[in-house]
Amino acid sequence: MAHEEHSASGEHIVSPKLYVGIFLFLMVMTALTVYAASVELHAWNPVVALVIATMKATTVILFFMHVKYSTRMTQIVILGALFFLFLLLGLTLTDYLSRAWMSYPSH
């Protein structure tokens with residue numbers, strides 16, 4: 001089990017080695033994003049770009065916003081916010097995709 005350090009105030013102390021690893025991961029993901037943009041994947045280009053962006057955003061949220069070391073309540077609040085974000089995006093997408101089903105009378 002890894003040894004975790006805490007400051008006098010009880011906050012988690014992250015080692016510089018971990019930050020260097022995160023930096024390298026984000027740089028590799030950025031290079032992968034640039035490469036993926038130059039490859040013709042047709043309809044899969046946005047999907048690949050969004051998957052890479054999601055991985056980068058998750059890394060930033062977990063480590064730079066210290067969510068990984070936060071209390072359980074903070075993690076639940078963040079998950080709840082993400083749930084409602086996806087719910088609203090899903091409802092918006094449903095509305096957008098269902099507009100083609102309507103037949104409008106021509107003038």
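The values are calculated or read from the model by the stated rules, or taken from the named source; none is laboratory data. The structure presented is a predicted model; accordingly, all values stated were derived computationally and were not measured. All Cβ positions, even for glycine, are placed from backbone atoms using ideal geometry, and neighbour counts span all protein chains on display.
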Are any residues in segment 50-66 under 16 Å from residue 79 (Cβ atoms) and assigned to a helix (DSSP H, G or I), and if so, which ones? 54, 57, 58, 61, 62
Hey, among the residues in segment 48-83 that are more than 30 Å from residue 20 (Cβ to Cβ) and surrounded by 10 or more Cβ atoms within 10 Å (Cβ to Cβ), which one's nearest to the chain's Cα centre (by Cα)? 83
Which of the residues that make up segment 18-27 are exposed (fewer than 12 other Cβ atoms within 10 Å of the Cβ) and either in contact (Cβ under 8 Å) with a residue 40 or more places away in the chain or over 16 Å from residue 62 (Cα atoms) (or both)? 18, 27
If you go through segment 91-104 one residue at a time, do you hit one that is out of contact with any helix residue (DSSP H, G or I) (no Cβ under 7 Å at 6 or more places or on another chain), among the aliphatic types (A, V, I, L, M), at pLDDT below 95 and surrounded by 10 or more Cβ atoms within 10 Å (Cβ to Cβ)? yes
Tell me yes or no: at least one residue of segment 53-62 is closer than 26 Å to residue 15 by Cα, in contact with a helix residue (DSSP H, G or I) (Cβ under 8 Å, 6 or more places away or on another chain) and among the small types (Gly, Ala, Ser). yes
